[in-house]
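Here is the structure we will look at.
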Amino acid sequence: MGESRTVLLVEDETEFRDAVMFVLRRHGYAVSPAATVAEAEARLTSGLPDLLLVDMMLTGQSGFQILRLVKERSDGRVPAIMMSGYVSVAHQDYALAAGAELFLPKPFKLTQLLEATDSLCPLPRPTSVRPVIPTVATCS
């Protein structure tokens with residue numbers, strides 16, 4: 001399939017995190033899951049992801065903490081998608097102003113997740129290979 005892309009998924013709701021992780025992995029992404037800011041920070045010690053997918057509100061914490069950290073460590077090169085059940089325009093504007101490239105309001109359709117992910121972090125697609133057609137000698 002080619003080289004994979006890594007998504008750091010920061011979501012504190014286990015079932016939701018597992019569902020998103022399943023879908024992204026089936027689509028070809030490598031997913032590094034974290035339930036807390038501390039877990040996400042620990043994941044960053046092994047390198048930066050290709051994409052950050054983070055919930056706005058984590059239990060007792062804010063997704064903005066990890067968003068800010070990833071943006072700082074990557075000099076803004078790692079794109080981010082912020083998810084939230086808070087769907088007001090103010091929340092969306094705040095997420096985008098904080099550095100997220102996209103905002104996904106929960107609940108969202110899995111097709112929306114894949115479209116957003118693919119738009120910011122497309123997977124390498126195999127190049128089409130033209131088959132070599134052997135030259136056939138003809139009898140005269």
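For this structure, a couple of remarks:
- There is at least one residue in segment 3-22 that is part of a helix (DSSP H, G or I), among the hydroxyl-bearing types (Ser, Thr, Tyr) and without any contact (Cβ under 8 Å) to a residue 60 or more places away in the chain.
- Residue ID - farthest from residue 31 (Cα to Cα), chosen from residues in segment 82-111 that are surrounded by 13 or more Cβ atoms within 10 Å (Cβ to Cβ) and among the polar types (S, T, N, Q): 92
- Taking the criterion of being of a type in the set (A, V, I, L, M, F, W, C) and either modelled with pLDDT of 95 or more or closer than 21 Å to residue 13 by Cα (or both), the residues of segment 69-95 that qualify are 69, 70, 78, 80, 81, 82, 83, 87, 95.
- Any chance residue 48 is part of a loop (DSSP other than H, G, I, E, B) and either among the β-branched types (Val, Ile, Thr) or closer than 13 Å to residue 7 by Cα (or both): yes
- The sole residue among 87, 70, 78 that is over 18 Å from residue 118 (Cα atoms), of a type in the set (A, V, I, L, M, F, W, C) and part of a loop (DSSP other than H, G, I, E, B) is 87.
- When 48, 24, 53 are checked against the criterion of being surrounded by fewer than 19 Cβ atoms within 10 Å (Cβ to Cβ) and under 14 Å from the mean Cα position of the chain (by Cα), a single residue qualifies: 48.
- Single unsatisfied condition, residue 38 versus (1) more than 12 Å from the chain's Cα centre (by Cα); (2) buried (at least 18 other Cβ atoms within 10 Å of the Cβ); (3) under 16 Å from residue 70 (Cα atoms): (2)
- Hits in segment 56-81 - residues which are crowded, with 21+ Cβ neighbours inside 10 Å and within 15 Å of residue 94 (Cβ to Cβ): 56, 63, 67, 80, 81
The values are calculated or read from the model by the stated rules, or taken from the named source; none is laboratory data. Only a predicted model underlies this, so the values are computations on that prediction, with no experimental measurement involved. Methodologically, a virtual Cβ is constructed for each residue, glycine included, from the backbone with ideal geometry; neighbour enumeration extends over all protein chains shown.
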